[in-house]
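The values are calculated or read from the model by the stated rules, or taken from the named source; none is laboratory data. The structure displayed is predicted, hence computed values, not measured ones. Here the Cβ positions follow ideal geometry from the backbone for every residue, glycine too, while neighbour counts run over all protein chains shown. In case anyone asks, the SASA skips ligands and DNA or RNA and just uses the protein heavy atoms, side chains included. Shrake-Rupley method; radii C 1.70, N 1.55, O 1.52, S 1.80 Å.
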Amino acid sequence: MSQRLIQSQEQKLVQQQRLTQQQMLQVKLLEMPLAELEESVRTELDDNPALEALPNEEAPDYEAADMAADPTEGDGLDDYEREERQDALDAALQRLGGDDEMPEPTSYGGQGTQNADYEEITYGNTTSFYDTLRQQMAETELTDEEREVMEYLIGSLDSDGLLRKNLGDLSDELAVQYYINVSEEEIGKVLRVLQGFDPAGIGARSLQECLLLQIDRREPSTLHTMMKRVISECFDDFMNNRWSRIAKQLDMSDEAIAIVRQEILKLNPKPGSSLGETEGRSIQQITPDFIVDTADDGTVTFTITRGHVPDLFVSPEFADLVDEYQRNRDNMNRQQKEALLYAREKVERAKGYIEAVKQRRRTLYATMKAIIDMQKKYFQDGDESDLQPMVLKDIAERTGLDISTVSRVCNAKYAQTRWGTFRLRHFFNEGVRTGDGVATSIRLLKSTLQDIVKGEDKHRPMNDDELAAEMKRRGYPIARRTVSKYRLQLGIPSARLRRE
């Protein structure tokens, strides 16, 4: 049976929700951390002559309590700045007047921010892991060939600073890819130079070698010798936390082995982490978006960090021009009408940007206030076990905002508190329902579990069943598998590895 393709038209009524250009701008600004907002404001001021700002020295410090203030009030420009703005306006209108085409609508400028994970963006110093080691290499006497080998070794390091390729593979790679014929012995000689760089332990080929390199940097002493013997002669027992066997094998007293253990635990198993990531990013410099202050009487207040974001307002020249043209629009020629459209578009864009900045402040204020209301006890004493179960939906219900809006506020935003600087996500805390049906904070459960392990008999540590029974005795009846999951998340070894 033959089939035919038939084209037909039909009308259909479909209800769709679309974001307006103003809503998209508000969403974009809401997602931005403070440093990126500052850049967006600077870009918008450069792109839109109808948008002006108070000089920084005249702009008042912004606080949450002043959110009702109208940043469009006032002028604040000196004669020179006003003349510059007027010249730019005259030039723009002159160019526009000689053109027969209508100006194309201008989309909102600012920072071209994509919906990305802002925690991966680094602000401030961006000296990379590689650059730090290369700086030390430049201060070292090497031949040209040794320098090329050193460069390749640095590029072969893992993110923790260890070298996990064997010298034979490195020799083959250098010969095939870079036509550098060097033996394993020659590579080993360059590697030993690299291992002398800071921090201690860099370039080690195993955890054992990494620890030994750090120990060798210490001043010779009896403690230095004992630490080296533990790592070199009893490394397997060390990795399995069998300190009683180590003490017996090395003929050390309990007091001596305790001191050695304490000193070894101060060593860094990942020396590369102290130099930042190897992918060209360094430790992130954080600018808090909120400053939370806790008074001695328990009163919690907060302010929104203003940074270098000035008060914005619409240029009086453009506003007056639009008003004048609106009054005389019936008597305008073509060039004057085009000038009116240009000025009006710039003014509307400036008003929209100003309103988006205001809306961002209002949304940040409402969200942070709701977080403090729910987690007030934590802000008062700084005890993480006091963080109540709280998810995005709870804040959305308290503020009347959409969950997606709350999520955007909490993305890449930081709050400086009396107890440290944290992401807003830090204050959110999932809860689980225990046997009595009451939602209990997961952090509280983990904190209790840590306290139990900390206070247990180290010669007879509790297994997961015993930990679950102790949790139930303290009022937190959770299953053994839940205890096991939290123990692993906290990095607590099993009972056998905790035994001393």
Checklist entry - Straight-line reach from LYS393: which lysines have Cα under 16 Å away, leaving out those fewer than 8 places along the same chain? => result LYS369
Checklist entry - If the chain between ASP144 and LEU488 were fully stretched, how many nm would it gain, using 0.36 nm times the residue separation less the Cα-Cα distance? => result 119.0 nm
Checklist outcome for this item: For GLN23 and LYS376, extending 7 Å from Cα along the Cα-Cβ vector and measuring point to point gives, in nm, a value of 3.5 nm
Checklist outcome for this item: From the Cα centre of the range 398-422 to that of the range 188-258, the distance in Å is 44 Å
Checklist outcome for this item: Put ILE478, ILE403 in order of accessible area, largest first, probe 1.4 Å, and you get ILE403, ILE478
Next on the checklist: If I ignore ligands, DNA and RNA and count only protein heavy atoms, how much of SER404 is accessible to a 1.4 Å probe, in Å² to the nearest 10?
Outcome noted: 50 Å²
Item to check | lysines whose Cα lies under 16 Å from that of LYS165, excluding same-chain neighbours fewer than 8 positions away | outcome: LYS189
Checklist entry - At what distance in nm do the modelled label points of GLN208 and SER183 sit from each other, each positioned 7 Å from its Cα along Cα→Cβ? => result 2.6 nm
Checklist entry - What does the highest-first list of 319-326, 29-36 look like by mean Cβ count within 10 Å? => result 29-36, 319-326
Item to check | R0 of 60 Å, Cβ-Cβ distance ARG344-ARG164: FRET efficiency to nearest 0.05 | outcome: 0.40
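When the gyration tensor of the range 279-416 is built from Cα positions, what are the square roots of 5 times its three eigenvalues, in whole Å, from largest to smallest?
Working from the Cα gyration tensor, I get semi-axes of 45, 17, 15 Å.
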Checklist entry - Ranked by accessible surface with a 1.4 Å probe, highest first, in what order do ASP216, ASP160 come? => result ASP216, ASP160
Checklist entry - For the range 156-225, what relative contact order do you get, as a whole percent, if you take Cα pairs closer than 8 Å and at least 6 residues apart? => result 28 percent
Item to check | Rg(Cα)/(2.2 N^0.38 Å) for the range 328-391, N = residue count | outcome: 2.25
Item to check | Using θ = phi - 60° and Karplus 6.51 cos²θ - 1.76 cosθ + 1.60, couplings along the range 358-367 (whole Hz; Gly, Pro as x) | outcome: 4, 5, 4, 5, 5, 5, 4, 4, 4, 5
Next on the checklist: Could you put SER484, SER40, SER232 in order of accessible surface area, largest first, with the 1.4 Å probe and the full protein assembly present?
Outcome noted: SER232, SER484, SER40
Checklist entry - Which entries in the list LYS413/LYS472; LYS377/LYS485; LYS28/LYS337; LYS270/LYS446 go over 29 Å, if you measure between the two C-alpha atoms of each? => result LYS413/LYS472; LYS28/LYS337
